[in-house]
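The values are calculated or read from the model by the stated rules, or taken from the named source; none is laboratory data. Values in this document were obtained by computation on a predicted structure and should not be read as measured data. Note: ideal-geometry Cβ built from the backbone for every residue, glycine included; neighbour counts use all protein chains shown. Just the protein is used for accessible areas: all its heavy atoms, side chains included, with ligands, DNA and RNA removed. Shrake-Rupley method; radii C 1.70, N 1.55, O 1.52, S 1.80 Å.
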Amino acid sequence: MVQSLTGQLTAVGKQIMGGIKLYQQQHGTTVAGKKIEVIVKDDTTVPDVARRLAQELIVNDKVNVLVTGITPATFAIAPLATQAKTPGVIMVS
């Protein structure tokens, strides 16, 4: 997950994280028998940072899904996700 936890949209990022934590508390962290691990990276509300972090998540962490919070980050990440054939979830855009 590439999320704005600092910068102009800190409040939005914190609300998204709170929603994810609440969902996991109520429904658990397993889907279809597979454990879901949430890896959070702070994009500082800067699209270039979001792109770099997404690349790290795709290459180093081998994530199955990319999650973004804001439109500029989503646009920055989209070409990487498309090339890697990694689906994405947009939380706020």
- Message: Through the Karplus equation 6.51 cos²θ - 1.76 cosθ + 1.60, θ set to phi - 60°, convert the phi angles of the stretch 17-22 into ³J(HN,Hα) values in whole Hz; use x for Gly and Pro.
- Response: 4, x, x, 5, 4, 4
- Note on the structure: To the nearest Å², the heavy-atom accessible area per residue of the chain with 1.4 Å probe amounts to 63 Å²
- Query: Which ³J(HN,Hα) values in Hz, rounded to whole numbers, follow from the phi angles of the stretch 78-84 under the Karplus curve 6.51 cos²θ - 1.76 cosθ + 1.60, where θ = phi - 60° and Gly and Pro get x?
  - Reply: 3, x, 5, 5, 5, 4, 7
- Query: To the nearest 20 debye, what is the magnitude of the charge dipole of the chain about its Cα centre, counting +1 on the Cβ of each Lys and Arg and -1 on the Cβ of each Asp and Glu?
  - Reply: 220 debye
- Task: Give the dimensionless ratio obtained when the Cα radius of gyration of the chain is divided by 2.2 N^0.38 Å.
- Result: 1.04
- Interchain or long-range residues, amide H under 5 Å from residue 67's placed H: 2, 89
